[in-house]
Amino acid sequence: MESEEAWTLEDSIRLSEILKENGVDFITASGGGFTNVSKDKVFPGYQIPFAKAIKEQTGILTGAVGMITEAEQANDIIANGDADLVIIAREHLRDPYFAINSARALGVETEIPWQYKRAY
């Protein structure tokens, strides 16, 4: 349940405009994880609409977060223009090689560090 004192998307947009006017050129659109969020409100990409709205309404570059766990999902966020950068957090804890594995899943050739080549 939202209260009148809760921070809103509109507040974030206003703050982003002020920050942009003062030289900030990139915003990570995240709820911050400061409260216990109901599991029914957490799903793949659940925070993408915040990045998209801030980007569209302010023109500032945005970074998207929020249960981004698949290479295709991350690629689609960029390809659709929903954000300018995808920030992978918890998925990197589960898979420290997420970037390499994602490049391979998307068919992108990437140089594997020689120390890891035997694993691939």
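The values are calculated or read from the model by the stated rules, or taken from the named source; none is laboratory data. Keep in mind that what you see is a predicted model, and the values were worked out from it rather than measured. All Cβ positions, even for glycine, are placed from backbone atoms using ideal geometry, and neighbour counts span all protein chains on display. Keep in mind that these areas ignore ligands, DNA and RNA; they rest on the heavy atoms of the full protein, side chains included. Shrake-Rupley method; radii C 1.70, N 1.55, O 1.52, S 1.80 Å.
Could we say that Lys20 is among the charged types (D, E, K, R), free of Cβ contacts under 8 Å to residues at least 60 places away in the same chain and either part of a loop (DSSP other than H, G, I, E, B) or surrounded by 16 or more Cβ atoms within 10 Å (Cβ to Cβ) (or both) here? So Lys20 passes the test. If I filter the stretch 45-56 for residues that are out of contact with any Cys (no Cβ under 9 Å at 6 or more places or on another chain), open to solvent by 40 Å² or more (accessible area, probe 1.4 Å), part of a loop (DSSP other than H, G, I, E, B) and not hydroxyl-bearing (Ser, Thr, Tyr), do I get at least one hit? No, the stretch 45-56 has no match at all. One residue is enough: does the stretch 25-35 have a residue meeting the conditions under 11 Å from the mean Cα position of the chain (by Cα) and loosely packed, with under 15 Cβ neighbours inside 10 Å? Among the residues of the stretch 25-35, not one is under 11 Å from the mean Cα position of the chain (by Cα) and loosely packed, with under 15 Cβ neighbours inside 10 Å, which makes the answer no. Of the residues making up the stretch 60-69, not a single one is within 18 Å of the chain's Cα centre (by Cα) and without any contact (Cβ under 8 Å) to a residue 24 or more places away in the chain. If you take the residues in the stretch 71-106 that are of a type in the set (D, E, K, R) and either touching an Asp or Glu at 6+ places or on another chain (Cβ under 6 Å) or within 18 Å of Ala29 (Cα to Cα) (or both), which one is surrounded by the fewest Cβ atoms within 10 Å (Cβ to Cβ)? Among those residues, the one meeting the criterion is Arg90.
Listed by first and then second residue, the pairs linking a residue in the stretch 76-96 that is over 25 Å from Gly59 (Cβ atoms) to a residue that is in a loop (DSSP other than H, G, I, E, B), with Cβ atoms under 7 Å apart and 6 or more places separating them unless they lie on different chains, are Ala89/Val65; Glu91/Ile68; Glu91/Thr69.
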